[in-house]
Amino acid sequence: MGRRSLSPLHRATSHWPAKRRITVLVTVTALLLAVAAAAALLTSRDQGKARTPTAPASAKPSPSTPGAPKPGRGTGSVPAPPRLADPLAYARAAAVMLWSYDTRTTSRDQQLAGMHAWMTAEKKYTDWTSLSAQIPDPVLWSRMADNTQHATATVTDARFPSAFKQALAEHPTAITEAYIYAVTVTGKQSIAWKDGGGGAEDRAVTLAVQCRPSADCALVSLAPSVAP
C-alpha cells in the first residue's frame, strides 16, 4: 500500500506530540492503514507541547511532567470512570471529567489520581503524559485553591474525526487489534471563584479511546489540537 492510504489518518493525528504519543500513533496508524513505513514517518516528527483543555483563571500547564500518581491518595471530586463500551459515550464522559475540577475539595494529587483511573492499563498504548501535563503546577493549584476556584462542564457533541472515519472505511478490519478510536468532543466549561467571580467558554478536544469487545472503554491519549 502506498503513501496515499496513509494520508487520511496522518492528517487527523500528525499534530499529536511527545514520544509516547508518537508510539501510540505508530500503532494506530499501522493497525488502521497497514503501512509499515508509518513508524519511520511519525517518529521523525518534532515533539510539541500539549495545550491545557481546562481554563482556570491564569492557569498554565505544569512545566514538569508528573509521573503516574501513587495509589491511596483518593480522588476528591474527580468521578470514577464509567463502565461504557461505546467510544463516543466514553469520550463525552472523559471530556466532562477533564474540563471539571474543584480546588475547594480536591488536592492536585487527588486530581491526578482521579484522572489516572480513566487511563487504559495496557502499557503498550497508554500515554499518561498527555493527560498529566494538563494539570497546573503545585504553586498555581494552591493559588487556585486560595480563590476557591472550581469548574463544571457540559458536552454538546462527540464524533469521530472525518479523516479517522475515512481511514477506518478504507481498512475496516485493521482496528481489531488495539481497538483505539479517535473522538473529537465539543462542549462548554463554566468556571467560578470566590466573591462571585466566574466565566464560561467553549471547549473542544480530540481523545484517543480504547474500547475492546467485552471490556469497558479507557483513555489512551489526548491531542493538543482538535481534529475536525
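The values are calculated or read from the model by the stated rules, or taken from the named source; none is laboratory data. Just so you know, these numbers come straight off a predicted model, no measurement behind them. In this analysis, Cβ positions are derived from the backbone assuming ideal geometry, glycine residues included, and neighbour counts consider all displayed protein chains. Just the protein is used for accessible areas: all its heavy atoms, side chains included, with ligands, DNA and RNA removed. Shrake-Rupley method; radii C 1.70, N 1.55, O 1.52, S 1.80 Å.
The table below gives the values:
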{"read-out": "Pairs where the first residue, in the stretch 134-147, is more than 13 Å from GLN111 (Cβ to Cβ) and the second is open to solvent by less than 80 Å² (accessible area, probe 1.4 Å) and not in a helix (DSSP H, G or I), C-beta under 8 Å, 6+ apart", "value": "ASN147/ALA57; ASN147/THR103; ASN147/GLY197"}
{"read-out": "The stretch 173-205, subset among the polar types (S, T, N, Q) and farther than 25 Å from THR103 by Cα, residue modelled with the highest pLDDT", "value": "THR184"}
{"read-out": "Failed item, numbered, when LYS124 is tested on (1) assigned to a strand (DSSP E or B); (2) within 18 Å of ASP216 (Cα to Cα)", "value": "(1)"}
{"read-out": "Residue check for ALA153: under 17 Å from the mean Cα position of the chain (by Cα), under 23 Å from ALA223 (Cα atoms) and not in a loop (DSSP other than H, G, I, E, B)", "value": "yes"}
{"read-out": "Sole exception among (1) out of contact with any Pro (no Cβ under 7 Å at 6 or more places or on another chain); (2) part of a loop (DSSP other than H, G, I, E, B); (3) not β-branched (Val, Ile, Thr) for PRO136, by number", "value": "(1)"}
{"read-out": "Candidate set from the stretch 98-150 (those that are under 19 Å from PRO81 (Cβ atoms) and charged (D, E, K, R)); member that is least open to solvent (accessible area, probe 1.4 Å)", "value": "ASP127"}
{"read-out": "Qualifying residue in the stretch 28-41 (condition: modelled with pLDDT of 50 or more and farther than 24 Å from ALA153 by Cα)", "value": "yes"}
{"read-out": "Within the stretch 175-226, tally of residues that are of a type in the set (D, E, K, R), assigned to a strand (DSSP E or B) and in contact (Cβ under 8 Å) with a residue 40 or more places away in the chain", "value": "2"}
{"read-out": "Positions within the stretch 160-215 being within 23 Å of GLN149 (Cβ to Cβ) and of a type in the set (Phe, Trp, Tyr), in sequence order", "value": "TRP193"}
{"read-out": "Residue in the stretch 151-194 that is farthest from PRO224 (Cα to Cα), counting only those that are polar (S, T, N, Q) and open to solvent by 80 Å² or more (accessible area, probe 1.4 Å)", "value": "THR173"}
{"read-out": "Search result, residues across the stretch 84-97 that are of a type outside the set (Val, Ile, Thr) and open to solvent by 10 Å² or more (accessible area, probe 1.4 Å)", "value": "LEU84, ALA85, ASP86, PRO87, LEU88, ALA89, ARG92, ALA93"}
